[in-house]
Amino acid sequence: MMRQHMMQRILMVSNRLPVTVDTSHAPYTLNRSLGGLATSLGAVGQVYNTVWIGWAGNQKQLTEQQFIDLGLPSNLVPVNIPKYPFHHYYDRVANAVMWPTLHSMKPPIQTRASDWNAVRHVASLFADTIISRLERDDIIWIHDFHQILLTMALRARGVTNKVGFFLHTPFPSPAVFATITNHKQLLTSLTLADLVGFQTKRDETNFIAALKEANLKPSVHMQTGVFPIGIDFDLYANAHKQLSVQTHYEMLRNKFKEQYIVLSISRLDYTKGILKQLESFTKAVLEHNLHHITYRLIVAPSRESRIEYRRLERKIGRLVHTYNRRLERKATQAYISFEYRNHSLDEVSSWYRLADMLLITPSVDGMNLVVKEYIAAHPKPGTVVLSYTAGAAVQLEQAIQVDPHDTSSIADGIWRAYSISTLERKDRWQHMRKNVHAEDIFAWATSFVAALQDAESRHR
Ligand code: F6P
């Protein structure tokens, strides 16, 4: 158990709480939330006195008592978001416009005034909840793009506490960011924070350039910084000691006996490069005559209210079928095994342990924590094929880096990783593991909070 820092309380704010209440049918249940943000931020509560404010995934409004009855921990504060603003705020602005734009992709829709009114309405719900809990010395730490307007809402209500904002996604070039209808207001809101943090230098540079292009002078008091997020290293490194993980791992080992395992794990998302990955794996197998090899593709359902996500899932299913037929005709014992469902931490840890190679090829990614989890959890030296455009590639120079837009580059990376010498594999692995261990989630939180505490505030 880690000792808590004796310091100010932190109000952590994110769109999603680390737990999700499933209100689709009675009785309602409380489940673990998906995604790197929820998994990682949970660890921050081990070292700081935190209260976490966010949406609990409930599609229906719940009373405080209902949350208590479901066992919601007292340091998690749910924000009820009514159906009307929710659809505009989450489905349309956050997921159909902000998300693709931040990943330098074209949004499938254009926003209307009603969408932004809804975003402002949700920001005001969050601001009111924060204020209802706020004490004089609390610091407020806002996470991710959903709540970019929140700092403005807080300052408009006279909040003078220190506010830090951390963007978990990439920040695109100024020209791309400027395609968002409301981009100036979003940037202005960020300038009202005391510290704005990014995953990589590239993101920070793009943000500063965007302020300049929008003629918004970065305030002398607002600071920016680069804080690459990490994972709870020990949690993953020790997972294989759990009996439940051992049992599951043995079962998988028997099932996939004699097979070389290539693993890919992600949320369902078009930024994750899954379609190109499928093609590249097939290409590598056929060009290099690889046999006794299984590509295990684990995809967790996500944002299914958006049609482009539902379409993507169907397309992955069709392609898996097509490529498996091709492999069946031309290769020996080479398969793609696709599973579309949420996996528990135990299951994921067993897969990490079993996999000889991890294949992570997003078109662009804020960080990508799966790659760090694999490096912590796999007890022997393994290999990693990683897009050079993922934030994690900056720290993990020793991964086999590939161009996610080019199937030849990915296929070549798979072949290089497959045929790497034991010595080189060990050497690359040691460097990566050392880095993932040193720059873990606690180092990340400590450096962000220290920078926020040091930032000179003009709001008080
Ligand atoms: O930064 C990526 C992110 O948007 C996180 O905020 C979140 O944890 C994850 O993706 C999952 O997305 P959602 O909350 O929309 O299911």
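Only one of the numbered conditions (1) more than 22 Å from Arg202 (Cβ to Cβ); (2) under 24 Å from the mean Cα position of the chain (by Cα) is violated by Pro174, and that is (1). The set of residues from the range 61-77 being open to solvent by less than 20 Å² (accessible area, probe 1.4 Å) and part of a helix (DSSP H, G or I) comprises just one member, Phe67. Would you confirm whether any residue within the range 448-458 is open to solvent by less than 60 Å² (accessible area, probe 1.4 Å), in contact with a strand residue (DSSP E or B) (Cβ under 9 Å, 6 or more places away or on another chain) and over 30 Å from Ile140 (Cα atoms)? Among the residues of the range 448-458, not one is open to solvent by less than 60 Å² (accessible area, probe 1.4 Å), in contact with a strand residue (DSSP E or B) (Cβ under 9 Å, 6 or more places away or on another chain) and over 30 Å from Ile140 (Cα atoms), which makes the answer no.
The sole residue among Ile336, Ile265, Ile261, Ile293 that is within 16 Å of the ligand (Cβ to nearest atom), buried (at least 19 other Cβ atoms within 10 Å of the Cβ) and under 24 Å from Trp415 (Cα atoms) is Ile265.
Could you please find all residues in the range 308-343 being under 27 Å from Asp91 (Cα atoms) and free of Cβ contacts under 8 Å to residues at least 40 places away in the same chain? Give the derivation first.
Step one: list which residues in the range 308-343 are under 27 Å from Asp91 (Cα atoms), which gives 308-319, 338-343.
Scanning the range 308-343 gives Arg310, Arg311, Arg314, Gly317, Arg318.
Just one of the numbered conditions (1) out of contact with any helix residue (DSSP H, G or I) (no Cβ under 8 Å at 6 or more places or on another chain); (2) in contact (Cβ under 8 Å) with a residue 60 or more places away in the chain; (3) more than 16 Å from the ligand (Cβ to nearest atom) is not true of Val176: (1).
Note on the range 129-152: residues that are open to solvent by 40 Å² or more (accessible area, probe 1.4 Å), touching a residue at least 24 places away in the same chain (Cβ under 8 Å) and assigned to a helix (DSSP H, G or I) total 3.
Going through the range 268-290 one residue at a time, which ones are of a type in the set (Asp, Glu) and within 16 Å of the ligand (Cβ to nearest atom)? Matches in the range 268-290: Asp269 only. Look through the range 350-403, keep the residues that are basic (Lys, Arg) and in contact with a helix residue (DSSP H, G or I) (Cβ under 7 Å, 6 or more places away or on another chain), and return whichever of them is nearest to the ligand (Cβ to nearest atom). Among residues in the range 350-403 that are basic (Lys, Arg) and in contact with a helix residue (DSSP H, G or I) (Cβ under 7 Å, 6 or more places away or on another chain), the one nearest to the ligand (Cβ to nearest atom) is Lys372.
Just to be sure, is Gly71 within 13 Å of the ligand (Cβ to nearest atom) and of a type outside the set (A, V, I, L, M)?
Numbers: within 13 Å of the ligand (Cβ to nearest atom): no; of a type outside the set (A, V, I, L, M): yes.
Criteria not met by Gly71.
Applying the selection to the range 21-60, what residues are among the aliphatic types (A, V, I, L, M), away from the ligand (no atom under 13 Å from the Cβ) and in a loop (DSSP other than H, G, I, E, B)? Selection gives Ala26, Ala43.
Among the residues that make up the range 119-128, is at least one of them of a type in the set (S, T, N, Q) and either touching a residue at least 40 places away in the same chain (Cβ under 8 Å) or surrounded by 20 or more Cβ atoms within 10 Å (Cβ to Cβ) (or both)?
Within the range 119-128, the first condition is being of a type in the set (S, T, N, Q), and the residues that meet it are 124.
Next, from what is left, pick out any that are either touching a residue at least 40 places away in the same chain (Cβ under 8 Å) or surrounded by 20 or more Cβ atoms within 10 Å (Cβ to Cβ) (or both): none.
Within the range 119-128, not a single residue is of a type in the set (S, T, N, Q) and either touching a residue at least 40 places away in the same chain (Cβ under 8 Å) or surrounded by 20 or more Cβ atoms within 10 Å (Cβ to Cβ) (or both).
Among the residues of the range 78-96, which ones are in a helix (DSSP H, G or I) and open to solvent by 10 Å² or more (accessible area, probe 1.4 Å)? Matches in the range 78-96: Lys83, Tyr84, Phe86, His87, His88, Tyr90, Asp91, Arg92.
The values are calculated or read from the model by the stated rules, or taken from the named source; none is laboratory data. Quick caveat, the model's predicted, so the values are computed rather than measured. Quick reminder, even Gly has a Cβ in these numbers, built from the backbone with ideal geometry, and neighbours come from all protein chains shown. Accessible surface is based on the protein model in full, side chains and every heavy atom, while ligands, DNA and RNA are left aside. Shrake-Rupley method; radii C 1.70, N 1.55, O 1.52, S 1.80 Å.
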